[in-house]
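Bear in mind that the values in this text are calculations on the coordinates, not laboratory data. Predicted model only: the values in this text are computed from it and were never measured. Quick reminder, even Gly has a Cβ in these numbers, built from the backbone with ideal geometry, and neighbours come from all protein chains shown.
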Amino acid sequence: MITTSRKPTQEMVARAEQIAADFELPYHRRNKQTITEFHAHHPHVYMVGKAGRDVVYSRAKEPFFFHPSMATLRIQRLQNGEGDPLVIASRLMPGDSFLDVTLGLGSDSIVASFYAGTNGQVIGVEKQPMIASVVQEGLKNWSDDQHAALVEAMRRVQVVCVDQRQYLQKQADNSFDVIYMDRCLNSPYNNLYICSL
């Protein structure tokens, strides 16, 4: 189900209603109810928050919400002239196009966007609609006055919600300079796979 934080603005309510329509899920006004109360009837609760701070609450799991994770530190290192393992391994260059087919929270895509710069292109593919929505809102609305370059890089990442294989099959040859996945699709192994053309 979809709801909002406790004191929503009209914009938040409208966005929650739109997400509910997109996901074909019920929207419930918060009306002072707790997430635990909603969980009595719904295993997953998507809460629209302020300024892109959406959260997915699932029973017996940690809440899922957007944050830049290690991207902040990695970009600071790049700004200081240090290397980044992803940039080095992929041979990413300013102006390159970068396709991340396992977007998740988008940390790698944010770093790639920073390094590829304003003339580059970064697309992140995420097949789970709720994850894609939370991350897209976070990338679009996250604010951090102390890290302007991080925020600019976030704004340039494009999120596509689709199955990775379907997306890849529809791309023309040589569409991207770098295709990246941080784990093999349908594999229990968590390894780094990069295809740099």
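Quick one: Debye curve from the alpha-carbon atoms of the range 2-64 only, equal weights, vacuum; give me log10 I(q)/I(0) at q = 0.14 Å⁻¹ to two decimals.
With no solvent term, the Cα-only Debye profile gives -0.34.
Can you compute 3J(HN,Hα) from phi for each residue in the range 111-122, using the Karplus curve 6.51 cos²θ - 1.76 cosθ + 1.60 with θ = phi - 60°, rounded to whole Hz and x for Gly and Pro?
Coupling constants for the range 111-122: 4, 4, 5, 4, 6, 5, x, 5, 8, x, 9, 10 Hz.
Can you pull the one-decimal nm distance between simple spin-label points at residue 50 and residue 73, each 7 Å off the Cα toward Cβ?
2.9
Count the net charge of all other residues whose Cβ sits under 15 Å from the Cβ of residue 97, scoring Lys and Arg as +1 and Asp and Glu as -1. Don't skip to the answer; put the middle values down first.
Working: positive: 91, 156; negative: 96, 100, 108, 173, 177.
Charge balance near residue 97 sits at -3.
Taking the alpha-carbon distance from residue 61 and a cut-off under 26 Å, which lysines remain once sequence neighbours fewer than 8 residues away in the same chain are dropped?
7, 32, 50, 127, 140
If you take every DSSP beta bridge whose two residues both sit in the range 2-64, what share of them, in percent to the nearest 5, is antiparallel?
On the way: 5 of 9 bridges.
Antiparallel: roughly 55 percent of the beta bridges in the range 2-64.
Just how far, in whole angstrom, is the range 109-135 from the range 8-53 if you go by their alpha carbon centroids?
25
Counting residues in the range 7-131 as N, plug N into 2.2 N^0.38 Å and put the Cα Rg over that result.
On the way: Rg = 18.2 Å, N = 125, 2.2 N^0.38 = 13.8 Å.
Dividing the Cα radius of gyration by 2.2 N^0.38 Å gives 1.32.
Exposed loop sites here are trypsin sites (Lys or Arg not before Pro) in DSSP loop states with at most 12 other C-beta atoms within 10 Å. What is the longest stretch of the chain lacking them? List each step's numbers first, then the result.
On the way: sites that count: 6, 29, 32, 59, 61, 91, 170.
Here the longest run is 92-169.
Just need log10 I(q)/I(0) for the range 71-196 at q = 0.22 Å⁻¹, Debye formula, equal scatterers on the alpha-carbon atoms, no solvent, rounded to two decimals.
Listed by q, the Debye log ratios stand at -1.40.
Show me, for the range 154-163, the HN-Hα J-couplings you get by feeding each phi into the Karplus relation (A = 6.51, B = -1.76, C = 1.60, θ = phi - 60°), rounded to Hz, glycine and proline as x.
4, 4, 7, 6, 9, 9, 10, 9, 6, 5
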